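Undergrad: Have a look at this one before I ask anything.
Derivation of every value follows stated rules applied to the coordinates shown; laboratory data play no part. Just so you know, these numbers come straight off a predicted model, no measurement behind them.
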């Protein structure tokens, strides 16, 4: 069964704007991860945040985690056309069980 | 060198046939997975293995049988293929506390 729910399902913004995607999940986790998938390609790992962390940065990416609300957000700042892709959150319960949400389709218009 | 490689990339076959998809990782990871991505882009876990041992078997029909000859390989054999098996199948590997690496996917089309 799916673990995460992302919203929005689709997001369209102009280059230079920020993009925020949200993920909610149901069960306890060891960590939460975000992945990007370009059309017709495999998933690429972006960032991992552990359950005892609240915020993490990597370049133009900022991830937050609220374990009390079982939710996470991914912020991409100063978006570029090359950021156009689908973004997925994945929860890792620590028992080799990594489950994905439905994904957010991001379109960045030049 | 490709970290996680799966073959073939495309597979078109008739209903009722048996086919296999191979996956190999050269990262030294202990855990490997198979995922199915449907036309709506939902990624559903099918199996996970840790050091060649089956950990997760997510209510997948018995027609799907994973085999892990060693911890670097996790192959997927599918018997009696059905139209509903058409999807993109992804292999992935990981180790504890680190993000997973995915293969490029195998697009299976059953006609």
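Undergrad: Take every Cα-Cα distance within the protein assembly as shown, group them into 10 Å bins from 0 onward, and report for each bin the whole-number percent of pairs it holds.
TA: Going out from 0 Å in 10 Å bins, the protein assembly as shown shows 8, 34, 35, 19, 4, 0 percent.
Undergrad: State the Cα centre-to-centre distance between the range B:83-100 and the range B:7-64 in whole Å.
TA: When both Cα centres are located, 7 Å separates them.
Undergrad: Taking 4 °C and 1.567 mPa s as the conditions, I'd like the Stokes-Einstein D for the range B:2-97 in µm²/s, using the Kirkwood hydrodynamic radius from alpha carbon pairs.
TA: Answer, rounded: 95 µm²/s.
Undergrad: While we're here: What does the extension gain come out to for residue A:68 and residue A:51, with contour length at 0.36 nm per residue minus their alpha carbon separation?
TA: 5.1 nm
Undergrad: Antiparallel as a % of all DSSP beta bridges within the protein assembly as shown, to the nearest 5?
TA: In the protein assembly as shown, approximately 90 percent of DSSP beta bridges are antiparallel ones.
Undergrad: Let me ask something additional. With the cut-off at 24 Å, report for chain A the share of all Cα pairs above it, as a whole percent.
TA: Result for the distance tail: 18 percent.
Undergrad: At 0.36 nm per residue, and after removing the present C-alpha to C-alpha distance, how many nm does the segment from residue B:3 to residue B:63 gain when stretched out fully?
TA: Values: separation 60, 0.36 × 60 = 21.60 nm, distance 2.81 nm.
Length difference between fully extended and current span is 18.8 nm.
Undergrad: Convex hull volume of the Cα atoms in the range A:43-91, per residue, in Å³?
TA: In the range A:43-91, the Cα hull volume divided by residue count equals 83 Å³.
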